[in-house]
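Every read-out reported here was derived from the displayed coordinates using simple, explicitly stated rules and does not represent laboratory data. Quantities reported herein were computed from a predicted structural model and do not represent experimental measurements. All Cβ positions, even for glycine, are placed from backbone atoms using ideal geometry, and neighbour counts span all protein chains on display.
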Amino acid sequence: MKRIALTVFLSFLTLCLTSCRVNWFDRTYEVPWWMVAIYLAVWITVPTYIAGRYIMSKKYACPSCGKTFYPKFWESVFSFHMGDLRALRCPHCGKKDLCGPSYDQ
Ligand SMILES: [Zn+2]
């Protein structure tokens with residue numbers, strides 16, 4: 001939870017300092033920080049939501065107890081991963097480990 005709060009806080013600070021000047025043909029426009037923030041929020045939120053829903057729909061197998069489970073949305077979005085392996089907490093035994101996808105769907 002601390003990592004999420006720190007990420008949100010640093011993103012907010014970065015956006016507060018962000019504004020840019022756009023040259024469109026011969027005119028120059030000053031783009032305020034909130035337009036950049038809206039663009040980035042949509043650009044980050046939509047793919048994250050789509051990826052989270054996709055990962056959530058896959059069944060993972062726990063290496064400790066061997067049982068399969070579907071990860072929760074936030075866990076699937078923010079979990080550490082290497083390829084198909086994801087660091088997930090097993091709802092059956094409670095251990096957090098690198099879980100691979102289960103192909104017995
Ligand atoms: Zn387990």
Task: Matching entry among Ile50, Ile4 (being in contact (Cβ under 8 Å) with a residue 40 or more places away in the chain and assigned to a helix (DSSP H, G or I)) - done: Ile4
Task: Looking only at the range 33-66, and only at residues there that are hydroxyl-bearing (Ser, Thr, Tyr) and under 14 Å from Gly100 (Cβ atoms), the one that is nearest to the chain's Cα centre (by Cα) - done: Tyr60
Task: Pick from the range 66-90, criterion surrounded by fewer than 13 Cβ atoms within 10 Å (Cβ to Cβ) and over 23 Å from Val8 (Cα atoms), ranking: nearest to the ligand (Cβ to nearest atom) - done: Gly66
Open item on the list: With the requirement that a residue be small (Gly, Ala, Ser) and touching a Lys or Arg at 6+ places or on another chain (Cβ under 8 Å), what does the range 28-79 give you?
Closed with: Ala61, Ser64, Ser76, Ser79
